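Single-structure report; data block below.
Since every read-out is calculated from the coordinates, none of them should be taken as a lab result. The structure presented is a predicted model; accordingly, all values stated were derived computationally and were not measured. We place every Cβ from the backbone using ideal geometry, glycine too, and count neighbours over all the protein chains shown.
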Amino acid sequence: MLHKAEARTLCELTVADIMTEEVVTLNEDESMDLAETLMEIGRIRHLPVVDANGVVKGLVTHRDLLRMSISEVVDLDAEERREILSNIPVAQVMRREVMLTSPETSLLEAARFMQDHKYGCLPVVDEEGVLVGIVTEADFIGLTIRLLELARKMADASDPGA
């Protein structure tokens, strides 16, 4: 994950250094049943919604599904629930006001923004607004693990008797 960035200082790291580039996406006309299935299979919590050109139009989150489950389909069995979700288009549920970032954004800036606004992800777009990746809390946890492992190796190397 951090391989292309290891030669640079931490202060120079950008979103591009840790973002997930292969992003599972939805179109506005696809169903919430598909959204739920993709989240379950991929073990993901955020699905950017894009148009035919890959431009971000919105975002569906696991929290959106939970909110629907509680409010609309709470007393239904799994089959009835899937039937209802299959008739709800993503466009009806998705968040349309989505904060986006660029690959060049510093990791510090992205992390602070996500923490300050309690965002679980930031879709990453190019100059035309086309989705090129996503940076999530999991990406930051992965970075933290790599840095802690590196710190441990450095500490072990500086103390040969350990």
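Taking 7 Å along the Cα-to-C-beta vector as the label spot, tell me the residue 37-residue 147 distance in nanometres, rounded to one decimal.
Going from the residue 37 label point to the residue 147 one covers 4.0 nm.
Could you work out how far helix 107-117 tilts from the main Cα principal axis of the chain, as a 0 to 90 degree angle to the nearest 10?
Here the helix axis deviates by roughly 40 degrees.
Might you report the magnitude of the Cβ-based charge dipole of the range 3-158 about its Cα centre, with Lys and Arg at +1 and Asp and Glu at -1, to the nearest 20 debye?
680 debye
What angle, in degrees between 0 and 90 and rounded to the nearest 10, separates the Cα long axis of helix 137-158 from the longest principal axis of the Cα atoms of the chain?
20 degrees
Mind computing the radius of gyration and Dmax over the alpha-carbon atoms of the range 3-158? Å is fine for both.
So, for the range 3-158, Rg and Dmax equal 18.0, 61 Å respectively.
Using per-residue counts of other Cβ atoms within 10 Å, averaged over each peptide, order 136-142, 112-118 from highest down.
Highest mean packing first, the order is 136-142, 112-118.
If you take the Cα atoms of the range 76-128, find Rg, then find the Kirkwood Rh from the mean of 1/r over all pairs, what is Rg/Rh?
1.20
How far, in degrees from 0 to 90, does helix 62-71 lean away from the longest principal axis of the Cα atoms of the chain, to the nearest 10?
Around 30 degrees separate the two axes.
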